[in-house]
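In what follows, a single structure is set out as structure tokens and then discussed.
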Ligand SMILES: [Zn+2]
């Protein structure tokens, strides 16, 4: 109880269960009143008393304020935890430092609102209007902004870890970066991600983010979104036992779906090393310039590199055996593929797209 008025909470908890006093109405009454918003006779007076209650530190936790119109208000540091604000209209309201965690804000109008440092964790903002809202340092972790309109909103340092973002209108959004999706206080291991419980919708959401990042010229962030998008696609293919899963998984492993050149270098090194071990265990090479029969492991690594890069000096060659020759041929084939993949990945990562 941050406001020191626990008895208010009790009143509100009783209030929320009351049906509207209008006999023909099936809606619940709004908190601190006997009627629903529609049947509130003196709306101006109701809004005044509500505003006063909240501003004097009264807890609005679990309040029912469906469809109320409370535009242009000062509601700084108010407690509206788990409240029901469905379709309420708060246009131009200042909610700075308020607690709206777990609130039901479906279809709510928050256009032009100041939501600086507002706690919106686990809130439901489906189809809400957040146009031009200022969300500096706000916490949207695990919130649902499906089909919400956040055009021209400012998301500077707004935390959006595990946010459900689907069909969300992102046009003109300011200060949105990959960092927005990081987990609190995890530094470089911050696991930036959105809600991925629905694989297909997550895939589409990452695609939306990728498009947004491309349009705002952020290649690296677009690369992250693209990697996540492809990861979702892979998960979907695996879930459906689609045969396209294997090449997809392989591309992910070898190159991070064409987004991670470092992976290509690492997997190339691994392939060269594995081939060296196979050649060595089969004792499959021979020298063309000396009669030395024993080769060191370094010779095998050298032979593997020369084969992988399709360089083929010819100082060390496979023994005259079709199996050994095919083995070397397969490495040369993979090597040519990996070199092409490396160039592709590198240009994709560092070009402007
Ligand atoms: Zn009513």
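FYI, it's all coordinate maths here, none of it is from the lab. Everything numeric in this text was worked out from a predicted model, so none of it was measured. All Cβ positions, glycine included, derive from the backbone under ideal geometry; neighbour counts span all protein chains shown.
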Residue 31 more than 16 Å from the ligand (Cβ to nearest atom), in a loop (DSSP other than H, G, I, E, B) and surrounded by 18 or more Cβ atoms within 10 Å (Cβ to Cβ):
no
Test each condition in (1) within 15 Å of residue 100 (Cα to Cα); (2) more than 16 Å from the ligand (Cβ to nearest atom) for residue 45 and report the one that comes out false.
(1)
For the list (1) within 45 Å of the chain's Cα centre (by Cα); (2) over 15 Å from residue 269 (Cα atoms); (3) in a helix (DSSP H, G or I), I need the number of the one condition that residue 334 fails.
(2)
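This table checks each residue for (1) over 30 Å from residue 155 (Cβ atoms); (2) assigned to a helix (DSSP H, G or I); (3) over 22 Å from the mean Cα position of the chain (by Cα).
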{"residue": "224", "(1), (2), (3)": "no, yes, no"}
{"residue": "229", "(1), (2), (3)": "no, yes, no"}
{"residue": "247", "(1), (2), (3)": "yes, yes, yes"}
{"residue": "262", "(1), (2), (3)": "no, yes, yes"}
{"residue": "280", "(1), (2), (3)": "yes, yes, yes"}
{"residue": "286", "(1), (2), (3)": "yes, no, yes"}
{"residue": "295", "(1), (2), (3)": "yes, no, yes"}
For region 75-82, does any single residue satisfy the condition of being within 16 Å of the ligand (Cβ to nearest atom) and surrounded by 21 or more Cβ atoms within 10 Å (Cβ to Cβ)?
no
Which condition from (1) touching a residue at least 40 places away in the same chain (Cβ under 8 Å); (2) closer than 29 Å to residue 263 by Cα; (3) not in a helix (DSSP H, G or I) is the one that residue 193 breaks?
(1)
Flag for residue 176 being touching a strand residue (DSSP E or B) at 6+ places or on another chain (Cβ under 7 Å) and surrounded by 17 or more Cβ atoms within 10 Å (Cβ to Cβ)
no
Does residue 107 meet the test of being away from the ligand (no atom under 16 Å from the Cβ) and farther than 25 Å from residue 127 by Cα?
no
Cβ-Cβ under 9 Å, sequence separation 6+ or interchain: first residue in region 24-43 and at positive phi, partner surrounded by 19 or more Cβ atoms within 10 Å (Cβ to Cβ). Which pairs?
32/12; 32/50; 32/53; 32/58; 32/63
Could you give me the residue pairs with C-beta distances under 8 Å whose first residue belongs to region 163-177 and is touching a residue at least 60 places away in the same chain (Cβ under 8 Å), whose second residue is in a loop (DSSP other than H, G, I, E, B) and buried (at least 17 other Cβ atoms within 10 Å of the Cβ) wherever it lies, and which are 6+ apart or on separate chains?
none
Has region 257-268 got any residue that is more than 19 Å from residue 348 (Cα to Cα) and buried (at least 20 other Cβ atoms within 10 Å of the Cβ)?
no
